[in-house]
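Written out below as structure tokens is the structure these notes cover.
Any read-out appearing in this document is the output of simple, stated calculations on the displayed coordinates, not a laboratory observation. Small disclaimer: the values here were computed from a predicted structure and weren't measured. Because the Cβ atoms are built from the backbone with ideal geometry, glycine has one as well, and the counts that use them run over all protein chains shown.
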Amino acid sequence: MKNYCLRPLSWCRIVVEPEDDMEEIFDITDDNGVPTGETVTRSKAHAEGIPHRTAHVWIVRKEGDSYQVLLQKRSAEKESFPGMYDTSSAGHIQAGDEPLESAQRELYEELGIKAGDGDLTFAGTFHIKYAMSFHGKLFNDNEVAFVYVYEKPVDAESLTLQEEEVEGVKWFDLDEVIRGCEHRDGTFCVPTEGLEIVLKYLGLDKKYDVDRQRVKEQFAAYTRNYDPSDPKIALKIAHTYRVADHCEQIARSIGLSDEDVEFAWLSGMLHDIGRFEQVKRYNTFIDSESVDHAEFGADLLFGKDNLILSYVDDRSRDKELETVIRQHNKYRIDEAVSGRTLVFCNILRDADKVDILRVNVETPMEEIYNVTEEVLFTSGVSEKVMQQVREHHAVNRDVMVSPAEHLIGHIALVFELVYPKSRELARTQGYLDKMFEFPTRNESTKRALEETRKELERVNG
């Protein structure tokens, strides 16, 4: 993402006349924050999620060996995150304005601080995208934020606050803000990406450290608490290592940093931690007959058991890792998940799907679904399942009842693979072809397998 945008001289702005003469007008931008030449009203931008720009100012000071940030408490009347502590000063960049002048204006309007051109240091940009309800109304945000840092002395008691926007201001230790954001305690609504930019600016960012040997040893120690002779336990141990390996391969294929590759690998190692206790308690992998294994695993890792402490010491990405694990088995990823976290969700989901193909071939399916061979080979496939196959997406688990339907559902996961490397892994393993050779004695299942093969060929060529 570019540090700032310079409009070409030929840029021409198309003005959308607002219904209310007082309503703000924003430049519509691309994903890098560069104006497209069109504008939009504030209300429409927030109703429809149209991309626009904002300017964020972080006021920082050093106290001894640590840093503090001055945060504003948002007015209870704000349309988003009322009453929570936010960035020192922030506001929308009006159509035709530049980020720096907007940052200066917001700082003066909200806090009464007059900043000269040399007082604000540009630190970076990030993308904010989410949809939430506030005051009973949907707020659909889609903005590129330009981040500035202000380091001149500030007396919080003497500031002139914009009452309709700001209830108050308070100095916080950076560590307190970081912890509050990680635990989502309801105090702070500062964008974590903006916080990360400030940490990097101050030289406080650190590489996320994953000790693979430690993770493997802790995983082995944890799984020894369960019966290794149980085929279901053995299956999930092998599955875990293969998913972690697939996560690494997919992450490298899309050019992620070494740090992010390690994070992806870790998500693979921990994604099914809930499966072992699920099998111990319920003797099944079927979530509908027991518990949601992703939610269960995330609770074990980040809830009162806090198992994550045994695997990594760095807490800076716990929130992101928790989201990735909770989302890995969902029919659709929560729309609130975006940016880097969404990338890791897709990596883990792809890796999991690819190895599920192997599991269906190498593990007797009667063990997977806890049924007899007779039930397995005579079970049929319903029209409801096949309709979703024809729509070229994963089959909703709510419509899968029989073992054969679960087989078709697992094959249909290939429709959902996001990354080329994932499709390559699925193809080169050869497991998909073997799944189509399932020796069913049920005519509806025979027809379903043949039709599913044709639908996949239609999509993948």
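General observations
- About its Cα centre, the dipole of the chain is roughly 1600 debye, where the only charges are +1 on Lys and Arg Cβ and -1 on Asp and Glu Cβ.
- Compared with the dominant principal axis of the Cα atoms in the chain, helix 403-412 is inclined by about 50°.
- Total charge dipole magnitude, the stretch 364-461, about the Cα centre, Cβ charges on Lys, Arg, Asp, Glu only, Debye to nearest 20: 360
- Values of log10 I(q)/I(0) for the stretch 335-421 across q = 0.18, 0.24 Å⁻¹ run -0.85, -1.20, by the Debye formula with one identical scatterer at each alpha carbon and no solvent.
- Proximal lysines relative to residue 78, as straight alpha-carbon distance under 23 Å, when same-chain residues fewer than 8 apart are discounted: 44, 129, 137, 170
- Euclidean distance of C-alpha centroids, the stretch 292-361 and the stretch 198-228, integer Å: 14
- 35 Å tail of the calculated P(r), the chain, as % of Cα pairs: 43
- Among the trypsin sites (Lys or Arg not before Pro) within the stretch 224-317, those in coil by DSSP and having at most 15 neighbouring Cβ atoms inside 10 Å are 224, 304, 315.
- If you model the stretch 270-410 as an ellipsoid using its alpha carbon gyration tensor, with each semi-axis the square root of five times an eigenvalue, the axes come out at 29, 19, 12 Å, biggest first.
- Total charge dipole magnitude, the stretch 210-334, about the Cα centre, Cβ charges on Lys, Arg, Asp, Glu only, Debye to nearest 20: 320
- Over the chain, Cα pairs under 8 Å with separation of 6+ residues give a relative contact order of 11 percent.
- log₁₀ of I(q)/I(0) at q = 0.14, 0.19, 0.20 Å⁻¹ - the stretch 178-220, Debye sum with one point per alpha carbon: -0.52, -0.73, -0.75
- The stretch 210-334: Cα Rg divided by the 2.2 N^0.38 Å rule of thumb: 1.02
- Members of 280/304; 200/421; 216/353; 280/330; 62/207 lying beyond 30 Å, as alpha-carbon distances in this model show: 200/421
- Loop-resident sites, the stretch 381-461, for chymotrypsin sites (Phe, Trp or Tyr not before Pro), counting at most 16 other Cβ within 10 Å (DSSP): 436
- Rounded FRET efficiency, nearest 0.05, which uses the C-beta distance separating residue 258 from residue 447 and R0 of 51 Å: 0.60
- Neighbour counts of C-beta atoms inside 10 Å place 402, 288, 158 in the sequence 158, 288, 402, starting with the fewest.
- 222 nm mean residue ellipticity, helices alone, for the chain (DSSP H n ≥ 4; -39,500 (n - 2.57); rounded to 500): -13500 deg cm²/dmol
- Packing-based ranking of 404-411, 102-109, 168-175 yields 404-411, 102-109, 168-175, ordered from highest to lowest mean Cβ neighbour count within 10 Å.
- From the C-alpha gyration tensor of the stretch 288-363, square roots of 5λ in Å: 22, 17, 13
- All other residues whose Cβ lies under 12 angstrom from that of residue 337 are scored, Lys and Arg at +1 and Asp and Glu at -1, for a net of +3.
- Once backbone amide H atoms are built at 1.01 Å from N, residue 38 has 14, 28 as its partners under 5 Å, excluding neighbours fewer than 5 places away on the same chain.
- Net charge of the neighbourhood of residue 231, taken over other residues with C-beta under 12 Å away and scored Lys/Arg +1, Asp/Glu -1, is -3.
- Taken over the stretch 181-265, the percentage of Cα pairs per 10 Å bin, counting from 0 up to the bin with the maximum distance, is 14, 29, 29, 21, 6, 0.
- Computed over Cα pairs, the Kirkwood radius of the stretch 25-201 leads via Stokes-Einstein (1.306 mPa s, 10 °C) to a diffusion coefficient of 96 µm² per second.
- Residues 273, 128, ranked from the fewest to the most other C-beta atoms within 10 Å, line up as 128, 273.
- Per residue, the average separation of C-alpha pairs within less than 8 Å and at least 6 apart gives the stretch 364-461 a relative contact order of 34 percent.
- For the stretch 364-461, the Cα gyration tensor yields ellipsoid semi-axes of 22, 15, 12 Å (square root of five times each eigenvalue, largest first, whole Å).
- The ranking of 311, 226 by Cβ neighbour count inside 10 Å, starting from the fewest, reads 226, 311.
- Charge dipole of the chain about the Cα centre (unit charges at C-beta), most positive-ward option of 59, 161, 401: 401
- Dipole of the chain, positive end: most advanced residue of 80, 442, 111 [Cβ charges, Cα centre]: 442
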